[in-house]
Amino acid sequence: MVRVDVNPELITWARQRSGIAQDDLNHRFPRLADWEEGVRAPTLKKLEDFARATHTPVGLLFLEEPPEEQVPIPDYRTMGGFAASRDEVSSHPPTVGVRSLFSPFTEVRNWAVRGMRGVLKT
């Protein structure tokens, strides 16, 4: 078995980012607590399974520290009918499922902007 050296903070970050209950992940990955504490490294296969389960690109788990993710669109969420403050929004980031929707829409928007620049130049 090939074990991979992964920063335990990244395992914890991926778990928290996923929004999946820790008990559910512990059931699927019995050594998760050991991975997060740095007591034992996961095998490459288990790390890939964990990445899939938490909807985390496996490459991110090889970074030195957790990345700071930015929401690529304005955040107009409200709390109690009022605009949420930056602190409230940052403490309740969009779920992984919502974030996965950003990429295709951002790509289409960027494509349209590039196309319009080409039209406006002529």
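At 7 Å along Cα-to-Cβ for each site, give me the label-to-label distance between residue 65 and residue 112 in nm.
So the two model labels end up 3.7 nm from each other.
Output the peptides 11-20, 58-67 sorted from most to least packed, where packing is the average of other Cβ atoms within 10 Å over each peptide's residues.
Values: 11-20: 19.3, 58-67: 13.0.
Ranking, from highest mean packing down: 11-20, 58-67.
Given labels modelled 7 Å from the Cα in the Cβ direction, how far is it in nm from residue 52 to residue 40?
Spacing of the two 7 Å Cα→Cβ label points: 2.1 nm.
Whole percent per 10 Å bin, from 0 to the bin with the longest distance: what is P(r) over all C-alpha pairs of segment 8-62?
Once binned at 10 Å, the Cα pair distances of segment 8-62 give 27, 67, 7.
Just so you know, all these numbers are worked out from the coordinates, no wet-lab data involved. In this text, all values refer to a predicted model and were calculated from it rather than measured experimentally. All Cβ positions, even for glycine, are placed from backbone atoms using ideal geometry, and neighbour counts span all protein chains on display.
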